[in-house]
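Asks: I am attaching a structure below and will ask some questions about it afterwards.
Bear in mind that the values in this text are calculations on the coordinates, not laboratory data. Nothing here was measured: the structure is a model prediction, and the numbers come from that model. Note: ideal-geometry Cβ built from the backbone for every residue, glycine included; neighbour counts use all protein chains shown.
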């Protein structure tokens, strides 16, 4: 049975993330280029965290894996632990197996 996927959720999340980025650039008193570089580092750190969690769960034998893509890396990178909790909630509450 194929997974039914509503693309409007992705569009809404994309618009919200874009608005948050625009607001943070407007409110930032620093150089916007420095803000973009800092955001890039946070996304890279989020990707490393997701890879580490997937690796650790594989070693422990737990059948949990989280997709690694720019959206999930940004969610974990910018929001830290609440972002990871949000990713778990999205995976198991909104799109259950």
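Asks: Surrounded by 11 or more Cβ atoms within 10 Å (Cβ to Cβ), over 14 Å from residue 70 (Cβ atoms) and out of contact with any strand residue (DSSP E or B) (no Cβ under 8 Å at 6 or more places or on another chain): is that true of residue 52 in this structure?
Replies: no
Asks: Just the residues that are exposed (fewer than 12 other Cβ atoms within 10 Å of the Cβ) and in contact (Cβ under 8 Å) with a residue 12 or more places away in the chain, please, taken from region 68-87.
Replies: Once the filter is applied, which keeps residues that are exposed (fewer than 12 other Cβ atoms within 10 Å of the Cβ) and in contact (Cβ under 8 Å) with a residue 12 or more places away in the chain, region 68-87 yields only 70.
A quick yes/no check of all residues on (1) part of a loop (DSSP other than H, G, I, E, B); (2) closer than 20 Å to residue 96 by Cα:
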position: 15; (1), (2): no, no
position: 20; (1), (2): no, no
position: 34; (1), (2): no, no
position: 40; (1), (2): no, no
position: 56; (1), (2): no, no
position: 59; (1), (2): no, no
position: 65; (1), (2): yes, yes
position: 72; (1), (2): no, yes
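Asks: When region 23-32 is examined, which residues are found to be assigned to a helix (DSSP H, G or I) and exposed (fewer than 10 other Cβ atoms within 10 Å of the Cβ)?
Replies: Answer for region 23-32, where residues must be assigned to a helix (DSSP H, G or I) and exposed (fewer than 10 other Cβ atoms within 10 Å of the Cβ): 26, 27.
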